[in-house]
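Presented below is the structure to which this report refers.
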Amino acid sequence: MSLTGNLSTMSLAEIFQWLNSGTKTGTLRLESKTGLVKDVYFDQGTINSASSSDPRELIGQYLLNCNKINEQQLVDALERQRRDHVLLGKILVQEGILKNKELSEILCTISEEIIYDLFLWKEGKFEFYDGKLPERELPNMNLDITHIVLEGARREDEWLQIKDVFPDEAVVIRPNVETIAEKLPIPAELAMLLKCIDGNRSILEITRIVRLTKFNVCRLLLDLHESGMIEVGDFEGQVFTLGNQSNDPVQKSFSEIEELLAKGDIDSAEHTLKKLALRMPESDSLIKLKRLVEDKKLETTAKRVINPNAVPALSMDVNKITRLNLSPEEGFIISRINGVFDVKSIIKISPFDEPLCLKIFKQFMDDGVISFK
């Protein structure tokens with residue numbers, strides 16, 4: 001018997017309990033409204049392991065975050081994985097970088113974190129593929145479903161507290177310098193996070209930089225907020241909002257453009273934007289929408305023109321590069337361009353998703369910062 005539906009009508013705890021009581025074997029696939037896909041693998045009603053399309057939840061990124069491996073070791077291991085079709089963890093054990101017990105503990109932690117994040121999803125399609133598991137070898141974690149559900153519920157309660165302060169990932173955070181000075185010294189993990197908070201970056205941007213899960217970043221941000229060291233908003237205190245009147249023609253145009261972009265119809269979105277610009281004066285909201293359209297255009301072009309096997313090399317003098325106003329994401333990419341790593345290798349060691357990396361490469365190419373060989 002198959003199981004399919006939406007998390008808005010059936011909770012993850014109910015799904016897990018149904019699969020557990022039915023001693024089901026197969027793959028539970030869940031997809032968020034943003035396109036993020038996670039698979040949870042069951043064997044006779046117990047959870048074996050889980051996987052995710054989020055680059056921050058891949059084993060390579062986890063090992064980099066924990067300083068278990070360096071980027072060169074990861075690139076070499078990924079190349080061997082591509083060539084020999086061997087699991088990354090097994091390669092690292094064979095190379096003597098990890099011990100078997102250490103690998104098992106890491107895989108267990110990663111699977112649990114992937115699953116715990118699912119309890120924060122209020123919407124998302126799910127389908128259970130009865131009897132179907134990947135052909136590749138799967139680690140058998142034998143995770144306790146009762147423990148998973150209880151911990152997931154605890155995190156869900158904590159997430160409600162977070163949402164009261166930070167409604168979504170687009171929220172901008174600013175530091176309260178005077179309070180920070182009074183609190184010094186502070187724990188290292190909070191200090192690391194504070195370095196990324198400048199009154200311009202959103203929670204999503206901060207999450208990409210520090211290479212932690214969204215939940216862990218928000219939990220630390222909540223601690224900082226409760227201690228008075230950070231505040232919600234940029235330094236101007238400006239908050240970007242769209243009107244909520246359903247009969248507002250301008251708001252309808254905004255929504256139409258966003259829907260077209262979500263569908264990938266960039267030409268129609270750009271055409272609608274031009275008509276909108278003729279009807280309303282230049283504003284922060286219109287500028288933001290223009291940037292969104294340009295960003296999508298760049299993403300589409302980048303996928304078409306950037307060869308993943310090409311090796312980028314610096315074309316601009318290093319002294320000039322140091323004077324560029326680079327974002328943290330751009331700084332990360334430029335620091336990995338060494339004339340040896342190809343595009344796909346840099347993407348694999350990056351904590352950012354592939355579209356963002358490709359856009360950065362395309363922008364660097366257009367600005368004459370890099371060339372490809």
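The values are calculated or read from the model by the stated rules, or taken from the named source; none is laboratory data. The model shown is predicted, which means the values in this text are computed figures rather than measured ones. Methodologically, a virtual Cβ is constructed for each residue, glycine included, from the backbone with ideal geometry; neighbour enumeration extends over all protein chains shown.
The table that follows gives values for the structure above.
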quantity: Check on SER104, among the small types (Gly, Ala, Ser) and surrounded by 18 or more Cβ atoms within 10 Å (Cβ to Cβ); calculated: no
quantity: Verdict on LYS68 being modelled with pLDDT of 90 or more and touching a helix residue (DSSP H, G or I) at 6+ places or on another chain (Cβ under 9 Å); calculated: no
quantity: Residue match in segment 337-355 (condition: over 27 Å from TYR62 (Cα atoms), buried (at least 16 other Cβ atoms within 10 Å of the Cβ) and in contact with a strand residue (DSSP E or B) (Cβ under 9 Å, 6 or more places away or on another chain)); calculated: no
quantity: Count of segment 262-276 residues which are over 29 Å from SER32 (Cα atoms) and within 32 Å of the chain's Cα centre (by Cα); calculated: 2
quantity: Hits in segment 33-76 - residues which are over 17 Å from the mean Cα position of the chain (by Cα), over 19 Å from LEU87 (Cα atoms) and crowded, with 16+ Cβ neighbours inside 10 Å; calculated: PHE42, ASP43, GLY45, THR46, ILE47
quantity: Search result, residues across segment 277-312 that are among the small types (Gly, Ala, Ser) and either within 25 Å of GLY35 (Cα to Cα) or in contact with a Lys or Arg (Cβ under 6 Å, 6 or more places away or on another chain) (or both); calculated: ALA302
quantity: Qualifying positions in segment 313-328 - closer than 19 Å to GLY368 by Cβ and under 24 Å from the mean Cα position of the chain (by Cα); calculated: ASN325, LEU326, SER327
quantity: Per-region count, segment 147-197, residues within 26 Å of the chain's Cα centre (by Cα) and either among the polar types (S, T, N, Q) or in a loop (DSSP other than H, G, I, E, B) (or both); calculated: 11
quantity: Top-ranked residue of segment 81-101 - restricted to ones that are under 24 Å from ASP39 (Cβ atoms) and of a type in the set (D, E, K, R), ranked as surrounded by the most Cβ atoms within 10 Å (Cβ to Cβ); calculated: LYS90
quantity: Single condition LYS132 does not satisfy, out of (1) basic (Lys, Arg); (2) within 25 Å of the chain's Cα centre (by Cα); (3) closer than 23 Å to SER32 by Cα; calculated: (2)
quantity: Top-ranked residue of segment 109-146 - restricted to ones that are in a loop (DSSP other than H, G, I, E, B) and in contact with a Cys (Cβ under 9 Å, 6 or more places away or on another chain), ranked as surrounded by the fewest Cβ atoms within 10 Å (Cβ to Cβ); calculated: PRO139
quantity: Residues of segment 198-235 satisfying the condition of being among the polar types (S, T, N, Q) and assigned to a helix (DSSP H, G or I); calculated: THR207, ASN216
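So that you can scan it fast, the table gives a plain yes or no per residue for (1) touching a strand residue (DSSP E or B) at 6+ places or on another chain (Cβ under 6 Å); (2) assigned to a helix (DSSP H, G or I); (3) without any contact (Cβ under 8 Å) to a residue 12 or more places away in the chain:
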position	(1), (2), (3)
GLU256	no, yes, no
THR300	no, yes, no
ALA310	yes, no, no
ASN319	no, yes, yes
LEU324	no, no, no
